[in-house]
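Undergrad: Take a look at the following structure, please.
The values are calculated or read from the model by the stated rules, or taken from the named source; none is laboratory data. On a predicted model such as this, the values are computed, not experimentally measured, just so you know. Neighbour counts run over all protein chains shown; Cβ positions are idealised from the backbone, glycine included.
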Amino acid sequence: MIRVREFPNGFEYIEIQNSSAKAKIALQGAHIFEYQRVGEEAILWLSEISDFEQGRAIRGGVPVCWPWFGFNEDKNLPQHGFARTSMWEFVGANEVNESKTTLLFRLTNSEQTLKIWNYKFLLELQITISKELKMELKTTNLDDKAFKISQALHTYFSVSHISEVTISGLDKKPYLDALSWQKEVQGGNIYFEEEVDRVYQEIDEKIVLRDKNREINIKNKNSSSAVIWNPWIEKTLRMSAMKEDAYKYFVCIESANAFDDARVIEPKQSHTLIVQIF
Ligand SMILES: O=P(O)(O)OC[C@H]1O[C@H](O)[C@H](O)[C@@H](O)[C@@H]1O
C-alpha cells in the first residue's frame, strides 16, 4: 500500500506499508520520519514535538544534509544545506514484491537554489522499504563546472535509553571532535556519558549500534565518514523541537561525505552515497 497523505496544515507525506515494514516520507526534504518493521519497535526516532511545517526541518528520522554538511562559511546560509527544507518531487514508487517497496524522489536547481549555491544539479533519493531500509542519494552535476559537496544521511536512531547504547566498528579510526576541533583517534567502542559530536574518517566496515534488546547494523557505500552525535543535557535545552529529556532516547549515526571525505563532482558525473540499515 502506498498513499499520499497530509497533516491538517497541508504538509504532505507518503505512507507505505508492505509485509515487512511500514514507513512515512515527507515530500519536504524527501525526509523519512518513520520506519518500523512488522512486530518490532520503531528504528527511527522522531521528536514528539517536531514541526511538520514548510521551511522547518523535521526533528528526527533521516534529514538529508546537502550540498553541505554542518555550517557554511557564509553564516547567513542554513546549517546542513537546503535539501532538507526544500520541496522534492515524488517521481514514483514500485511495489517490487509484497515485502519490498522502492520510492524515488528528486530535487533540481531552481532560481532560489542558484542564488545560494550557483550550480545546476540533479539530486535523487531512492528509498527501499523492506526488512532493511536502504537509501541511495545520487548527486549529478548538470553544470559545466565542477562542484564540491559534503553531505549526510543524518539518521536519528531510537534507543531504549542512551546509557544502554554501545557503538562498535569505529575502533582505531581517526575523528574530528566537533566540540574541541581537535583530531583524535577512537579507542574501543563508543559509550555515552556526555555530549558527543564527532566526524569519524577512514571507515571501511559496518557500524553496529547495540541497545538493550537489539542490534542495528549500518553499512555505508561510497562514504568513508560518519558522524556520531548525541547533544546530551545542555545542548538539548538549546535545540529546536526537542523535549528536555529527548537526548536519552536517540543517537545519531550519520552516513556522510564530510570534512576530509567531501567529494568533487565533475560536469556530467555522479556520486551516490548509499546506506543500508538492517
Ligand atoms: O539542529 P540541526 O541543524 O538539525 O543539527 C543537528 C546536529 O547535526 C549534526 O549531528 C552536527 O554534528 C551537530 O553539531 C548538530 O547539532
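Undergrad: Identify the residue in segment 209-221 that is surrounded by fewer than 16 Cβ atoms within 10 Å (Cβ to Cβ) and of a type in the set (S, T, N, Q) and, among all such residues, is nearest to the ligand (Cβ to nearest atom). Break it down stepwise before answering.
TA: We begin by selecting, within segment 209-221, every residue surrounded by fewer than 16 Cβ atoms within 10 Å (Cβ to Cβ); these are 210, 212-215, 217, 221.
Retained after the next criterion (residues that are of a type in the set (S, T, N, Q)): 213, 217.
Working: 213: 25, 217: 20 Å.
The residue in question is 217.
Undergrad: Filter segment 70-84 down to residues that are near the ligand (Cβ under 10 Å from one of its atoms), at negative phi and within 13 Å of the chain's Cα centre (by Cα), then give me how many there are.
TA: So the answer is 1.
Undergrad: Looking only at segment 228-267, count every residue that is surrounded by fewer than 16 Cβ atoms within 10 Å (Cβ to Cβ), closer than 23 Å to residue 164 by Cα and of a type in the set (Asp, Glu) and tell me the total.
TA: Going through segment 228-267 one residue at a time, the tally reaches 3.
Undergrad: Condition first: under 22 Å from residue 53 (Cβ atoms) and within 13 Å of the ligand (Cβ to nearest atom). Now tell me which residues in segment 238-260 satisfy that. Walk me through how you get there before you give the answer.
TA: Quick first cut of segment 238-260, residues under 22 Å from residue 53 (Cβ atoms) only: 238-244, 246, 250, 252.
Selection gives 238, 239, 240, 241, 242, 246, 250, 252.
Undergrad: I would also like to ask the following. Condition first: within 21 Å of the chain's Cα centre (by Cα), aromatic (Phe, Trp, Tyr) and surrounded by 21 or more Cβ atoms within 10 Å (Cβ to Cβ). Can you find one or more residues in segment 3-12 that meet it?
TA: First, pick out the residues of segment 3-12 that are within 21 Å of the chain's Cα centre (by Cα): 11-12.
Restricting the remaining residues to those that are aromatic (Phe, Trp, Tyr) gives 11.
Adding the requirement that they be surrounded by 21 or more Cβ atoms within 10 Å (Cβ to Cβ) leaves none.
Scanning segment 3-12, I find no residue that is within 21 Å of the chain's Cα centre (by Cα), aromatic (Phe, Trp, Tyr) and surrounded by 21 or more Cβ atoms within 10 Å (Cβ to Cβ), so the answer is no.
Undergrad: Looking at segment 27-34, can you tell me whether even one residue there is farther than 27 Å from residue 199 by Cα, among the hydrophobic types (A, V, I, L, M, F, W, C) and more than 16 Å from the ligand (Cβ to nearest atom)? Can you show your working first?
TA: Going residue by residue through segment 27-34, those that are farther than 27 Å from residue 199 by Cα are 27.
Narrowing the set further to residues that are among the hydrophobic types (A, V, I, L, M, F, W, C) leaves 27.
Subsequent filtering for residues that are more than 16 Å from the ligand (Cβ to nearest atom) retains 27.
Yes; the residues of segment 27-34 include at least one that is farther than 27 Å from residue 199 by Cα, among the hydrophobic types (A, V, I, L, M, F, W, C) and more than 16 Å from the ligand (Cβ to nearest atom).
Undergrad: Can you tell me which residue among 243, 221, 212 is at pLDDT 95 or above, out of contact with any strand residue (DSSP E or B) (no Cβ under 9 Å at 6 or more places or on another chain) and within 24 Å of residue 278 (Cα to Cα)?
TA: Values: 243 fails: within 24 Å of residue 278 (Cα to Cα); 221 fails: out of contact with any strand residue (DSSP E or B) (no Cβ under 9 Å at 6 or more places or on another chain).
Within the list 243, 221, 212, the selection yields 212.
Undergrad: Further, regarding this structure: Return yes when residue 133 is among the hydrophobic types (A, V, I, L, M, F, W, C) and touching a Phe, Trp or Tyr at 6+ places or on another chain (Cβ under 8 Å) and no when it is not.
TA: Yes, satisfied.
Undergrad: Filter segment 192-230 down to the residues that are of a type in the set (A, V, I, L, M) and touching a Gly at 6+ places or on another chain (Cβ under 7 Å), then identify the one that is nearest to residue 159 (Cα to Cα). Show your work before the answer.
TA: Our first condition is that a residue be of a type in the set (A, V, I, L, M); within segment 192-230, this holds for 196, 199, 203, 207-209, 216, 218, 226-228.
Checking the rest, the ones that are also touching a Gly at 6+ places or on another chain (Cβ under 7 Å) come to 207-208.
Values: 207: 15, 208: 13 Å.
Per the stated criteria, the residue is 208.
Undergrad: Scan 140, 155 and give me the residue that is buried (at least 21 other Cβ atoms within 10 Å of the Cβ) and hydroxyl-bearing (Ser, Thr, Tyr). Write out each step before concluding.
TA: On the way: 140 fails: buried (at least 21 other Cβ atoms within 10 Å of the Cβ).
Within the list 140, 155, the selection yields 155.
Undergrad: Only one of these is touching a Ser or Thr at 6+ places or on another chain (Cβ under 9 Å), of a type outside the set (S, T, N, Q) and farther than 26 Å from residue 148 by Cα: 244, 194. Name it. Don't jump to the end; show me each part of the working.
TA: Values: 194 fails: touching a Ser or Thr at 6+ places or on another chain (Cβ under 9 Å).
Step by step, each of 244, 194 is checked, and only 244 is touching a Ser or Thr at 6+ places or on another chain (Cβ under 9 Å), of a type outside the set (S, T, N, Q) and farther than 26 Å from residue 148 by Cα.
Undergrad: In addition: Please tell me if residue 34 is farther than 21 Å from residue 151 by Cβ, surrounded by fewer than 21 Cβ atoms within 10 Å (Cβ to Cβ) and within 13 Å of the chain's Cα centre (by Cα).
TA: yes
Undergrad: On to the next question. Tell me, which strands (runs of 3 or more DSSP E) lie completely within segment 180-278 with 1 or more residues that are basic (Lys, Arg)?
TA: Qualifying strands (runs of 3 or more DSSP E): 182-185, 196-200, 207-210, 215-221, 263-265.
Undergrad: Another question, then. Going by the conditions given, is residue 200 over 26 Å from residue 35 (Cα atoms), of a type outside the set (S, T, N, Q) and crowded, with 16+ Cβ neighbours inside 10 Å? First the steps, then the outcome.
TA: Working: over 26 Å from residue 35 (Cα atoms): no; of a type outside the set (S, T, N, Q): yes; crowded, with 16+ Cβ neighbours inside 10 Å: yes.
No.
Undergrad: Now, a different point. I'd like to check something: does segment 51-63 contain any residue that is more than 16 Å from the ligand (Cβ to nearest atom), surrounded by 19 or more Cβ atoms within 10 Å (Cβ to Cβ) and part of a loop (DSSP other than H, G, I, E, B)?
TA: If we filter segment 51-63 for residues that are more than 16 Å from the ligand (Cβ to nearest atom), which is where we start, we get 54.
Keeping just the survivors that are surrounded by 19 or more Cβ atoms within 10 Å (Cβ to Cβ) gives none.
No.
Undergrad: What number of residues within segment 1-20 satisfy the criterion of being in contact (Cβ under 8 Å) with a residue 60 or more places away in the chain and not in a loop (DSSP other than H, G, I, E, B)? Break it down into steps so the answer makes sense when it comes.
TA: Residues of segment 1-20 that are in contact (Cβ under 8 Å) with a residue 60 or more places away in the chain, as a first pass: 2, 4, 14, 16, 18-20.
If we keep only those that are not in a loop (DSSP other than H, G, I, E, B) too, we end up with 2, 4, 14, 16.
Qualifying residue count for the region: 4.
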